[in-house]
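The values are calculated or read from the model by the stated rules, or taken from the named source; none is laboratory data. Quick caveat: nothing in here was measured; it's all calculated off a predicted structure. Glycine gets a Cβ as well: all are built from the backbone with ideal geometry, and neighbour counts include every protein chain shown. Each accessible area value is taken on the protein alone, full model and side chains, heavy atoms only, with ligands, DNA and RNA left out. Shrake-Rupley method; radii C 1.70, N 1.55, O 1.52, S 1.80 Å.
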Amino acid sequence: MGFILKSFNNIFQFYGNGFKTMPAWGRKVWLVILIKLFIMFAVLRIFFFPDLLKKNFDSDEERGMHVLDELIIKTDTDD
Amino acid sequence: MIENIDLSLVDWSRAQFALTAIYHWLFVPLTLGLSFILVIMETKYIRTGSEKWKKTTKFWMKLFGINFAIGVSTGLILEFEFGTNWSNYSWFVGDIFGAPLAVEGILAFFMESTFIAVMFFGWDKVSKRFHIASTWLVAIGANLSALWILVANAWMENPVGMIFNPETARNEMMNFWEVLFNPVAVDKFFHTITSGFVLASLFVTGISAWFLIRNREKEMALNSIKVAAIFGSFATVVLIFTGDTSARTIAKVQPVKFAAMEALYEGQTNAGLNVFGILADKDDSDDLDEKDIIARIEIPGFLSVMTHGDRDSFVAGIKDLVYGSEEKGIMSASEKIERGKIARQLLLDYKEARTRDESEEVDILKARFEDNDFQDEYFRYFGYSYINKPADIVPNVPLVFYSFHLMVALGFLFLLMQLLAWYFSVDGTIVKRKVFHWILLISIPLPYLASVLGWLVTEMGRQPWIIQDLMPVGIAVSNLSTSTVQTTFWLFAALFTALLIAEVSIMTRQIKNGPKIEEE
């Protein structure tokens, strides 16, 4: 148990020191990553990119029936 | 003016996917190749114990880190689009996509994310052996991550290892190994990762050439050019070889795409390979919108040799594939349309029986979908049931033709550049070759262009299919309003452009700083 805790502590310290001593370019890059992830998950995913089948149907059976309908009745609109 | 262009929902959805995929792909290949260049440089450091190699490795690692960080997770946007814009397709592909992408997620997260931290934070904190093992694992992890998405993409080119279940309206994986070792997947994986290796080596030689032009960091630049040129030369040879095997596989599983790559309308024995050509509309063209090659450089008989290993072998042309040829045993598109319609009618019968709750009839019809003969003779042409006329199975020939030939020409140019860089490095004259420095520098965007052209051949050459022969693009798209897709198209354009500007500006600053300023 003590060994595991010590290992976790070492890993934590390794990452902690790495981030603390990170050069300016690294901090800048992390800022870009955080902004990007925020835009992707908090804006785009929630407001613009719902999973349509999950949102519109309650069960996999309903989703399957919907796609089955689409496959049967839809005609190619790419003409 | 873009607002005057009447693009349909399908076209806007395609444009959006193309935009995000192309932007995503601007970040990926450098990661694939530069990671292995770092492995070589760090190995040199460990073998020689020279601090110069350590400094060189750390410099390129910094650029790798910037590119990795900006590009990481941009691929997730494509998955958002699957669920929103391509929901029918997403559902239809079932676990064929789910399984490889799940493996990719696990590998990407655990291997790359864990060991990339050791790569950056672990200098002087872990042993040299553990550090280089981490660099190796990042390189292998990055490339294996690419494997899984390429396996999924290859399945779209050549759907194998699955069976369609009408009960769930999904394709279910029957044989994981058949999906993984799909010949298209094997070729695609090696061709794609080696294209990343070539891109990265030209990136390294180009930036190093800039240092030579500025008369700075001479030793680091020369060492870097040598490593990158040797690595890049071998990678380009493999790239060309895998390009050849890819084309041969395409000739078997996507013959219309192959014929479009060569603008071959009439099938021929002793078919010549176009090194390059100029296409023009044919005067008496029928509904195929046929093109003539008005000027060409051709190697006689070579296309037959490269495709089937025999000069006298027949290479099918677009007309043979559209109208069929009894003599050559090629089924016409009209026949495939009829067979596709039979498969779709069976699906309709199944659905109606299910709605009427006739369980016996449902079981009988379901059993037909599980029958191998039905799968091979009818269901494999399911997508043809949506095709209005045979000529619709032909992609945009000029786009595919020019993209393919320009990509190939660039590939051979890269080989020449890498071999020259290697030779000039060995004979010690590279420092004096100022013109060559400029050529290396201004060539940095070229492998990016070649890479995008390769994807254009892959994706545009597959049209009208999203899944070869099974599903046309128009059927895959979700019922959304066009304005919604337009909005997100521009949002993505803005986001990715901002990311690209961020990458280029941070990277340019660090290149200008060079390896000396470590902590800035």
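Some notes on this structure:
- Each Lys or Arg adds one and each Asp or Glu subtracts one; over the other residues with Cβ under 11 Å from the Cβ of B:GLU358, this totals -4.
- Theoretical ellipticity at 222 nm over the protein assembly as shown - DSSP helices of four or more residues, -39500 (n - 2.57) apiece, nearest 500: -22500 deg cm²/dmol
- A protection proxy built from the mean count of other Cβ atoms within 10 Å ranks the segments B:197-207, B:22-32, most packed first, as B:197-207, B:22-32.
- When each of B:LYS62/B:LYS434; A:LYS28/A:LYS55; B:LYS55/B:LYS188; A:LYS20/B:LYS226 is checked by Cα-Cα distance, pairs over 31 Å: A:LYS28/A:LYS55; B:LYS55/B:LYS188; A:LYS20/B:LYS226
- Based on protein heavy atoms only, segment B:286-398 ends up with 53 Å² per residue of surface accessible to a 1.4 Å probe.
- Candidates B:GLY474, B:LEU446, B:LEU101 compared by Cα position along the dipole of chain B: farthest toward the positive end lies B:LEU446, with charges placed on Cβ.
- B versus A: buried accessible surface, summed, Å² (probe 1.4 Å, to nearest 100): 4600
- Spatially proximal lysines relative to B:LYS341 (Cα-Cα < 18 Å; intrachain offsets below 8 disregarded): A:LYS74, B:LYS351, B:LYS366, B:LYS389
- Listed by chain and number, the aspartates and glutamates whose alpha-carbon sits under 16 Å from that of B:LYS432, ignoring those within fewer than 8 places in the same chain, are B:GLU217, B:GLU219.
- The fraction of all Cα pairs in segment B:267-341 landing in successive 10 Å bins from 0 to the largest distance is 18, 37, 36, 9, 0, given as whole percents.
- Qualifying trypsin sites (Lys or Arg not before Pro) in segment B:318-406, DSSP loop, other Cβ atoms within 10 Å at most 13: B:LYS328, B:ARG356
- Here the Kirkwood formula, the inverse mean of 1/r across different C-alpha pairs, assigns chain B a hydrodynamic radius of 25.0 Å.
- Positive contributions from Lys and Arg (+1) and negative ones from Asp and Glu (-1), summed over other residues with Cβ under 13 Å from the Cβ of A:LYS36, come out at +1.
- Semi-axis lengths, largest first, of the ellipsoid equivalent to segment B:20-71 are 27, 10, 5 Å, with √(5λ) applied to each eigenvalue of the Cα gyration tensor.
- Rounded accessible area of B:TRP53 (nearest 10 Å², 1.4 Å probe): 30
- The three principal axes of the Cα atoms in segment B:41-165 give end-to-end lengths of 60, 27, 22 Å, sorted in falling order.
- For the peptide A:6-17, the mean number of other protein chain Cβ atoms found within 10 angstrom of a residue's Cβ is 1.
- For chain B, hydrophobic long helices are taken as DSSP H runs at least 20 Å long by C-alpha position along their axis with mean Kyte-Doolittle hydropathy of 0.0 or more; these are B:9-48, B:128-157, B:183-213, B:218-253, B:397-426, B:445-461, B:482-513.
- Kirkwood Rh, Cα atoms: Rg over Rh of segment A:27-75: 1.30
- Per-atom-type breakdown for segment B:366-426 gives carbon and sulfur 59% of the accessible area (1.4 Å probe, protein chains only).
- Overall form of the protein assembly as shown per C-alpha gyration tensor (a/c, 1.5; a/b vs b/c): oblate
- Between segment B:417-441 and segment B:1-75, the alpha-carbon center distance in angstrom: 25
- The trypsin sites (Lys or Arg not before Pro) of segment B:418-520 that DSSP puts in a loop, and whose beta carbon has at most 14 other beta carbons within 10 Å, are B:LYS516.
- One quarter of the surface of the convex hull around the alpha-carbon atoms of segment B:420-483 equals 7.9 nm², the direction-averaged projected area.
- In terms of overall dimensions, segment B:130-275 has a Cα radius of gyration and Dmax of 20.6, 69 angstrom.
- Ratio Rg/Rh [Cα only; Rh per Kirkwood] for segment B:341-432: 1.49
- Across peptide B:85-91, the mean count of Cβ atoms from other chains lying within 10 Å of each residue's own Cβ comes to 5.
- Average accessible area per residue (Å²) across segment B:9-107 - probe 1.4 Å, nucleic acids and ligands excluded: 28
- Those lysines that a straight Cα-Cα span of less than 16 Å connects to B:LYS291, excepting residues fewer than 8 apart in one chain: B:LYS257, B:LYS282, B:LYS319
- In segment B:455-485, the residues whose accessible area drops by at least 40 square angstrom when the other protein chains are added to the isolated chain are B:GLY474, B:ILE475, B:ASN479; the probe is 1.4 Å and only protein heavy atoms count.
- Computed over segment B:348-497, the ratio Rg/Rh where both radii use C-alpha atoms and Rh is Kirkwood: 1.23
- Think of each Lys and Arg Cβ as +1 and each Asp and Glu Cβ as -1; about the Cα centre, that makes the dipole of chain B roughly 3480 debye.
- Filtered trypsin sites (Lys or Arg not before Pro), segment B:216-275: DSSP coil and at most 14 other beta carbons within 10 Å: B:ARG216
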